[in-house]
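This report concerns only the one structure given below.
Read-outs: derived from the displayed coordinates by stated rules, not from any lab. Only a predicted model underlies this, so the values are computations on that prediction, with no experimental measurement involved. Every residue, glycine among them, receives a Cβ derived from its backbone with ideal geometry; neighbour counts consider all protein chains shown.
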Amino acid sequence: MKKILAYLLLLSLLIISVSACGSKEEAPASSTINTDIGQVQLIADAGAANVTLDWQAQAGAETYNLYYLADTGSDPDSAEIKKNGTKISGVISATHTIPNLNNGTKYWFAFSGQNSTTEGTLSKIVPATPSATPPPAAPKNVRANAGDKTVTVTWTPVTGAVKYNIYCYWQEGANAAGLGSITVTGQPSNQKIIDDANPITWIAGTVAGTTTGLTNERTYYFWVSAVNASNVEGYPSFYAYATPSTSPPPAAPVLSIIATGVDPTDGHYVDLDWTDVTGAASYKIYYSTASGIRKDVLSPVTTDPVIYTSSYLRASNLTSGVTYYFVVTAVGANGKESAESNELSATIP
């Protein structure tokens, strides 16, 4: 039985960040694709008199600071939101809901990482407007699995959604472009295969016109938004990315947590199980006390090349009362790593 040593993993800040502009109730991402580089993603999901913030881990952060400010007629910068906004400190992990807001009022939100001595750089500042009839939430567990001139995008269905919009972005050097949205109808739908069979219309960026489809060895970034029966579109998800190839990585596993408990030898533990993946030579496990795990943000459980060839693992010697988050990836014989599995959490008894 393989065991995970219980220690916090060193986080590495994601360098390339693609996020959608705006949080208007109508089509917040469809008109503009944000190509900002190096900014940490923040999602602000508007609710009824509240906003729920979701973010991904930052390097070296022990806790997080949240800032919010009611709109004053102009977009605030970092200095203004830190000086005039409300600060919530000591937040351990996303998500965090800010209550008692005014419906119909636009608010601005940002967050930063914090360790014992230093506050990190502020994230991108994003808006949201609470409403008595809020838009659907941003989809979670968005994953992009590469194939040969194909990417399969998957996500967890959103309550109240009747369809989803998928947005795509790619960048090579100075050339950047956004692909047209792809509508997936029906609440049960949680997968879309995007391939080179049909032309796709570019809607933003330095290149206009159409493309014949996806190109191998080009990295594509995808994010997903949910649309309700009133045709109101919610905030876009965190992005996922994939690089089509003639020798793609395996598909992502599906993760399950089958037990938590206490053992005389293993201490406090979580038992993890995942689906066997065709073409997988090994698996990598990632975990953290902060949600939003990405393989390009977290190191795997060890920096040594430990190979997990089975689809079961016990995470042992964990800390009682702490919530841990887990994902697993599959690695093919060619060394290519799949997208992350679904993320699951467990609070240690």
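Can you work out the FRET efficiency for the pair SER78 and ALA132, with r the C-beta to C-beta distance and R0 = 41 Å, to the nearest 0.05?
Details: r = 31 Å, r/R0 = 0.76.
In this case the efficiency is close to 0.85.
For region 254-348, the residue among ASN317, VAL327, TRP274 whose Cα projects farthest onto the positive side of the dipole built from Cβ charges is VAL327.
Close amide H pairs (under 5 Å, H built 1.01 Å from N) link VAL162 with VAL227, ASN228, ALA229, residues at least 5 positions away or on another chain.
What the phi angles of region 249-264 give under the Karplus curve with 6.51, -1.76 and 1.60, with θ = phi - 60°, is a coupling list of x, x, 5, 6, x, 10, 9, 9, 9, 9, 6, 10, x, 10, 10, x Hz, glycine and proline written as x.
Label separation (ASP71 vs THR121): 2.7 nm, computed from points 7 Å beyond Cα along the C-beta direction. A simple rule links phi to the HN-Hα coupling: the Karplus curve 6.51 cos²θ - 1.76 cosθ + 1.60 with θ = phi - 60°, which for region 114-125 gives 9, 10, 5, 10, 9, 9, x, 5, 5, 5, 4, 8 Hz, with x for Gly and Pro.
For the listed peptides 97-110, 147-160, a ranking on the average number of other beta carbons within 10 Å per residue, highest first, reads 147-160, 97-110.
Among HIS268, HIS96, sorting on how many other beta-carbon atoms sit within 10 Å of each Cβ, with the fewest leading, yields HIS96, HIS268.
Ranking request for peptides 331-337, 258-264, 239-245, 131-137: highest mean number of other beta-carbon atoms within 10 Å first, then the rest in descending order. Could the numbers behind the result be given before it?
Working: 331-337: 15.3, 258-264: 11.1, 239-245: 21.0, 131-137: 18.3.
By packing density, highest mean first, the sequence is 239-245, 131-137, 331-337, 258-264.
Quick one: dipole size for region 254-348, taken about the Cα centre, charges +1 on Lys/Arg Cβ and -1 on Asp/Glu Cβ, in debye to the nearest 20.
It works out to roughly 180 debye.
Which pairs, out of LYS83/LYS106; LYS87/LYS140; LYS106/LYS295; LYS163/LYS336; LYS140/LYS336; LYS140/LYS284, put more than 29 Å between their alpha-carbon atoms? Listed pairs above 29 Å: LYS106/LYS295; LYS163/LYS336.
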